[in-house]
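J.: Have a look at this one before I ask anything.
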Amino acid sequence: MMLFIPFIESIFQGEAEFLHILAVLFPIWIIYMFISDVMNKKNTIKHNFPVLGRLRYFLESIGPELRQYIVANNREELPFNRSQRSWIYASSKKENNYEGFGTDKDIYAPGHVFINPAMFPYKVPANHVNAKDPYFAPCAKVMGVANNRKRPWRPYSVVNISAMSYGSLSKNAVTALNKGSQMAGCYHNTGEGGLSPYHSHGGDVIFHFGTGYFGVRDAEGRFSMEKMKELVSKNPFVRAIEIKLSQGAKPGKGGVLPGAKITKELSEIRGVPMGKDALSPASHSAFNNVKELLAFIENIAENTGLPVGFKSAVGKLEMWEELADLMVQTGKGPDFITIDGGEGGTGAAPHAFADHVSLPFTFAFTSVYQIFLKRGLTDKIVFIASGKLGFPANAMMAFSIGADLINTAREAMMSIGCIQAQICHTNHCPAGVATQNKWLQSGLDPDNKSVRFYNYNRTLRKEILEITHACNYEHPCQMTMHDVEIGMGDSKATQTLADNYGYEKAPVKFTSFDELYNCPHLGGHGQKGSEIKK
């Protein structure tokens, strides 16, 4: 405000005149607010306490900021506390992300994750890939091999970008993430808003679509195989296709993009008409049951040659059982499955859905994984985990229960500047990440922020590998249900994941990092060997 005073003063003859006018206008403004509040019949506080009552609403409006920066301690906030955010910010800026003087977390609290290190850690040989590139951590499985797809794919990174659409995120945010994914070698999931020019800066891409079929729909809003074939043919960096059945933030609920918000660019990207509401129904029109879903997956895979999978939140398990049984009977099935925990939050959702509908990640994943484990199917599926897993310990827990890949969403957003303002649904994101406001998003420099995401992604991979080595393993896929314990908060202090969830994770076939490095299906779009050559 002080910067504007000289400008305002210059409009008048001098400081004296400016102060005189201010002295006249200020009481008039107070009187106006007083009369307005007294006449207000809709707001009791303002009516009963004119002018002063406004202070209550002002404090309420800045309540999140007061709690975030002043009131709450380092470990109190949700969905991400200050300690977690600070680790992401420091990692993305290549600053010191260490702790001093010991942890400030209550390690005796229920649910605390304990990773069991070995007496002697894994010693990385001098000629090992990780001796030259400590960030190299590809997926241990190859998507599409089990089902003989024409273009199988091994993701270059075990940590990747989850489904977030252009439209939900700003073009600058999507550009930053895609450029960062190209540098880091990880894949970038498009989200259900379609493949935009901002997803096309060189990173590997998983094309994701939901019930609206944006980008691959016909004039009536139905799925178009011709559009899908054209998209894949024109964009060779699309390495896999993901069908969204549901998401953790609002499973079983569709959405509406108002016609007034549909720009010419969004109309072209999503394949929807200008000026007309774009609907995302709650259910798919291309299939209605598990058997039809399997046929749909096979049809897309045959027409594109790409690995095809789906993403889902988890609740009732009967249809998961049916899916696994059909896979046994037919020998066909999805190449990958993304389990989205109910704590997911990049999609705006009603409170009841966000708080109560669908299981949180660990309950969801362990329930589904066991279904495929009992039928001997885990080696045929790449399991992708999503739900606040963008931290080393959380990721290691996910690998231990059977995950092959980690998707990060809000953590990726924070790496490019998100401050957890929790107003993503208002179009007023102050960091320019989740807004289409041109002024707000102009403050997000894609070139600068892409490096921030690159740093975060590589740091997370490096720390995952360091913990893996501390447990005397070479790759995180080797983690078992006995390598992680959970605090129980009572006399039975901890339980292993095996004891807690009642199963043993199936071993993942893994020979060596050299085999992964020399795999002809390894993705990364030019990243292979980039660090090693340095």
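The values are calculated or read from the model by the stated rules, or taken from the named source; none is laboratory data. As the structure is a computational prediction, the values presented were derived from the model and not from experiment. Neighbour counts are summed over all protein chains in view; Cβ atoms, including those assigned to glycine, are modelled from backbone coordinates with ideal geometry.
J.: Is it the case, given these coordinates, that SER200 is over 26 Å from the mean Cα position of the chain (by Cα) and either within 20 Å of HIS521 (Cα to Cα) or not aromatic (Phe, Trp, Tyr) (or both)?
T.: Values: over 26 Å from the mean Cα position of the chain (by Cα): no; either within 20 Å of HIS521 (Cα to Cα) or not aromatic (Phe, Trp, Tyr) (or both): yes.
Here the answer is no, as SER200 does not meet what is asked.
J.: For region 143-166, enumerate the residues that are buried (at least 22 other Cβ atoms within 10 Å of the Cβ) and either in contact with a helix residue (DSSP H, G or I) (Cβ under 6 Å, 6 or more places away or on another chain) or aliphatic (A, V, I, L, M) (or both).
T.: Passing the criteria: MET143, VAL158, VAL159, ILE161, ALA163, MET164, TYR166.
J.: A follow-up question, please. Confirm whether ASN127 is touching a Phe, Trp or Tyr at 6+ places or on another chain (Cβ under 7 Å) and surrounded by fewer than 19 Cβ atoms within 10 Å (Cβ to Cβ).
T.: Values: touching a Phe, Trp or Tyr at 6+ places or on another chain (Cβ under 7 Å): no; surrounded by fewer than 19 Cβ atoms within 10 Å (Cβ to Cβ): yes.
So ASN127 fails the test.
J.: Quick check, is ALA240 assigned to a loop (DSSP other than H, G, I, E, B) and either more than 20 Å from the chain's Cα centre (by Cα) or over 21 Å from GLY167 (Cα atoms) (or both)? Steps first, please.
T.: Numbers: assigned to a loop (DSSP other than H, G, I, E, B): no; either more than 20 Å from the chain's Cα centre (by Cα) or over 21 Å from GLY167 (Cα atoms) (or both): yes.
Here the answer is no, as ALA240 does not meet what is asked.
J.: Still on this structure, I have one more. Can you name the residue in region 191-239 that is among the acidic types (Asp, Glu) and more than 22 Å from ARG410 (Cβ to Cβ) and, of all such residues, is modelled with the lowest pLDDT?
T.: GLU220
J.: May I ask you to say which residue of PHE296, PHE336, PHE363 is closer than 19 Å to PHE223 by Cβ and at pLDDT 90 or above? Explain how you work it out, then say what you get.
T.: Numbers: PHE336 fails: closer than 19 Å to PHE223 by Cβ; PHE363 fails: closer than 19 Å to PHE223 by Cβ.
Going through PHE296, PHE336, PHE363 in turn, the sole match is PHE296.
J.: Now for a separate question. Just to check your reading of the model, which residue among ASN172, ASN160, ASN178 is assigned by TED's automatic domain parsing to the domain that holds PRO430, closer than 14 Å to TYR454 by Cβ, in a helix (DSSP H, G or I) and under 20 Å from the mean Cα position of the chain (by Cα)? Break it down into steps so the answer makes sense when it comes.
T.: Values: ASN172 fails: closer than 14 Å to TYR454 by Cβ; ASN160 fails: in a helix (DSSP H, G or I).
Every option except ASN178 fails the conditions.
J.: Only residues that are surrounded by 15 or more Cβ atoms within 10 Å (Cβ to Cβ) and not in a loop (DSSP other than H, G, I, E, B): list them for region 300-320, please.
T.: Correct list: ILE300, ALA301, THR304, VAL308, GLY309, PHE310, LYS311, SER312, TRP320.
J.: Okay, moving on. Any idea which of LEU440, LEU460, LEU516 is in a helix (DSSP H, G or I), buried (at least 19 other Cβ atoms within 10 Å of the Cβ) and modelled with pLDDT under 90? Let's see the steps before the verdict.
T.: Numbers: LEU460 fails: modelled with pLDDT under 90; LEU516 fails: modelled with pLDDT under 90.
Just one listed residue meets the conditions, LEU440.
J.: Please state which one of HIS201, HIS128 is in contact with a Ser or Thr (Cβ under 7 Å, 6 or more places away or on another chain), assigned by TED's automatic domain parsing to the domain that holds LYS438 and in contact (Cβ under 8 Å) with a residue 12 or more places away in the chain. Before you say what the answer is, go through the steps one by one.
T.: On the way: HIS128 fails: in contact with a Ser or Thr (Cβ under 7 Å, 6 or more places away or on another chain).
The unique qualifying residue is HIS201.
J.: With outside any loop (DSSP other than H, G, I, E, B), of a type in the set (A, V, I, L, M) and either touching a Lys or Arg at 6+ places or on another chain (Cβ under 7 Å) or over 22 Å from GLU265 (Cβ atoms) (or both) as the only criterion, which of ALA140, ALA131, ALA126 stands out? Spell out how you get there, then give the answer.
T.: Values: ALA140 fails: outside any loop (DSSP other than H, G, I, E, B); ALA126 fails: outside any loop (DSSP other than H, G, I, E, B).
Result of the check over ALA140, ALA131, ALA126: ALA131.
J.: Turning to a different aspect of this structure: Taking region 181-213, which residues are in a strand (DSSP E or B) and in contact with a Leu (Cβ under 8 Å, 6 or more places away or on another chain)? Let's see the steps before the verdict.
T.: Residues of region 181-213 in a strand (DSSP E or B): 187-189, 204-209.
Passing the criteria: HIS188, VAL205, PHE207.
J.: So, one more: With the structure loaded, tell me whether SER170 is surrounded by 16 or more Cβ atoms within 10 Å (Cβ to Cβ), of a type in the set (Gly, Ala, Ser) and at pLDDT 95 or above or whether it fails that test.
T.: Details: surrounded by 16 or more Cβ atoms within 10 Å (Cβ to Cβ): yes; of a type in the set (Gly, Ala, Ser): yes; at pLDDT 95 or above: no.
Considered against the rule, which asks whether it is surrounded by 16 or more Cβ atoms within 10 Å (Cβ to Cβ), of a type in the set (Gly, Ala, Ser) and at pLDDT 95 or above, SER170 comes out as no.
J.: Looking at the structure I just gave you, is ALA118 more than 29 Å from the chain's Cα centre (by Cα), surrounded by fewer than 15 Cβ atoms within 10 Å (Cβ to Cβ) and in contact (Cβ under 8 Å) with a residue 40 or more places away in the chain? Talk me through it step by step, then tell me what you get.
T.: Working: more than 29 Å from the chain's Cα centre (by Cα): yes; surrounded by fewer than 15 Cβ atoms within 10 Å (Cβ to Cβ): yes; in contact (Cβ under 8 Å) with a residue 40 or more places away in the chain: yes.
Yes; evaluated as a whole, the condition is true for this residue.
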